[in-house]
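Bear in mind these aren't lab numbers, they're just calculated from the coordinates by the rules spelled out. Note that this is a predicted model, so its numbers are computed, not measured. Cβ: placed from backbone, ideal geometry, glycine included. Neighbour counts: every protein chain shown.
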Amino acid sequence: MRSQFFIPLLLFFPLLVVQTTIIPLFAFLNAIPDLILILLVFYSILNGQIYGTILGFVFGFLFDLITGSLLGSAMLSKTMAGFIAGYFSNENKRDIYLRSYTFSLIVLLSAVIDSMVYSFFSTADIQKNLLLIFFEQGMVPGLYTAVLSIIVIIFIPKRGIS
Amino acid sequence: MFRFFTRIWTQFKEYVVLVILLVASLIALSLNQKQEIKKVRSVAFGSFATITAIISDVINTAKVHSENERLRKANAELMLQVNRLREYGVLNEQLKGMLAMKDTFNFSLIPAAIVSKSLNKSQSSITINIGSRDSVKAGMPVINDQGLIGIIQSTSEDYAIARTLKNIDFKLTVKDERSRVDGIMKWTGEDLVIVDVPKTYDIEPGDRIITSELSSIIPIPIPVGVVIGLNKVETGIFNEVTIKPYVDFIKVENVFVMGVIQSKQRNDLELNFYRQK
């Protein structure tokens, strides 16, 4: 159990470095992909829903603490994202989910919810059309993250995931 | 009772964990202004920024050539502008002397590089590679050659986090450079706007927006952006003025921290005045 958390936490810090230094250079329509979320979804599918929820909470906590964003906002959104991604953790289907484009769809779903919750808790006034907010703050970063998650499918080892 | 809880846990443990962690997150949201939390955060981002600084240096070195080209051109343009401003400065000194006015333009510029960016729709912030050791304090404005970027939010010994203009917690008094009309500018999560501007005020698309001397945060004029539109024109008595910031927050790499902070004396005086009312 300890090593189950150790590896994702070990991967978290270099990914956060990339997320805050290199990834902003690739912003599209003011949206940037979320590498932390891809890592979270991957390990949530691999290890289950409770694990995903806790890992999301820990990732969110560290993210808020380190990047200076409102403490609690990423905690909340990543906890929910981990919970949703963990829903797809099934011993029989794990391989199918992680090795096919289904993984990107799960990332898309989790990323949209993550972005929506994050912006809901950190934006003061919501005067715009809800559908527009859903598109700009949820779908665009979610789609971008989902597209980037294809890299995981390509580079995932053929054997011995679990 | 124990059996009841055991059964609940067995059947709904995923949901129980989720609810507990969501409640913990909500509690964390309410603890943001605590001094202890601020201290922990400054230690955390300070340590992390040491690592991101190395990566940023590598990226900056790769970009330094094109940056040099741009800076050379900017230098030439600025040299011409400085010459003109010098003339104005001499004239200004003379006129101020005649009017016996105080000069409020004494401040230092501390150069810094951005080591990491946290860009999102509502709470964009940047981490820079100077901190309290370099006399950086919370509340100091962060600028570059294009205009205002944000203000310092917190500092560690060697690093500081600044809220950018695209942060909903950042509100600033600004003014229209042409018509001298003041207003409160804020980030809505979508646009940078001056809110509740009476329709009778003279603000037009294309006007330059600068910081206002009425601001207790940045009391010296720094370019902020340009007016690109007026909203809610049909209804009500107020307009909402949309501004396009001069600074491109995605591309910005090098910044200056201005050595000015809010005047405590002025703040205290104003607070006392309002309390007496």
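Output the 0 to 90 degree angle, nearest 10, between the alpha-carbon long axis of helix B:264-276 and the longest principal axis computed from the alpha carbons of chain B. On a 0 to 90 degree scale, this one is about 70. In the range B:1-147, the ratio of gyration radius to Kirkwood radius, Rg to Rh, stands at 1.22 when only Cα atoms are counted. Using Cα pairs under 8 angstrom and six or more residues apart, how large is the relative contact order of the range B:37-261, in percent? For the range B:37-261, the relative contact order is 20 percent.
Quick one: net charge around residue B:131, please, counting Lys, Arg +1 and Asp, Glu -1 for every other residue with C-beta under 12 Å from its C-beta.
Details: positive: B:133, B:137; negative: B:134, B:157, B:158.
My count for the surroundings of residue B:131 gives -1.
Seen from all directions on average, the range B:11-76 presents a Cα convex hull projection of 8.7 nm².
For chain A, the membrane-span-like helix rule (DSSP H, alpha carbon extent of at least 27 Å along the helix axis, mean Kyte-Doolittle at least -0.5) picks out A:2-21, A:102-122; this says nothing about an actual membrane.
Count, for each residue of B:24-36, the Cβ atoms from other chains sitting within 10 Å of its Cβ, then give me the mean as a whole number. All intermediate terms of the calculation are to be shown ahead of the outcome.
Numbers: counts 6, 17, 4, 2, 12, 9, 2, 2, 5, 1, 1, 0, 0.
Partner-chain Cβ atoms within 10 Å, mean over residues of B:24-36: 5.
The angle between the Cα long axis of helix B:2-30 and the main principal axis of chain B comes to about 10°, on a 0 to 90 degree scale.
Can you tell me how the range B:1-41 classifies by the Cα gyration tensor, rounded, prolate or oblate, using a/c under 1.5 as the rounded cut?
prolate
Estimated purely from DSSP H runs of n ≥ 4, each contributing -39500 (n - 2.57), the mean residue ellipticity at 222 nm for the protein assembly as shown is -17000 deg cm²/dmol once divided by its residues. Extension gain for residue B:68 to residue B:217 (0.36 nm times residue separation, less C-alpha to C-alpha distance): 50.4 nm. Relative contact order of the range B:119-245, taken over Cα pairs closer than 8 Å and 6 or more residues apart, is 20 percent.
Which shape class applies to the protein assembly as shown: rounded if a/c is under 1.5, otherwise prolate when a/b exceeds b/c and oblate if not, where a ≥ b ≥ c are the square roots of the Cα gyration tensor eigenvalues?
Values: a/c = 2.06, a/b = 1.82, b/c = 1.13.
Because a/c hits 1.5 or more and a/b exceeds b/c, the protein assembly as shown counts as prolate.
Between the C-alpha center of the range B:181-260 and that of the range A:37-52 there is a gap of 43 Å.
Rounded, prolate or oblate: which fits the range B:37-261, taking a ≥ b ≥ c as square roots of the Cα gyration tensor eigenvalues, rounded meaning a/c under 1.5, else prolate when a/b beats b/c?
Working: a/c = 1.62, a/b = 1.23, b/c = 1.31.
In terms of gyration-tensor shape, oblate.
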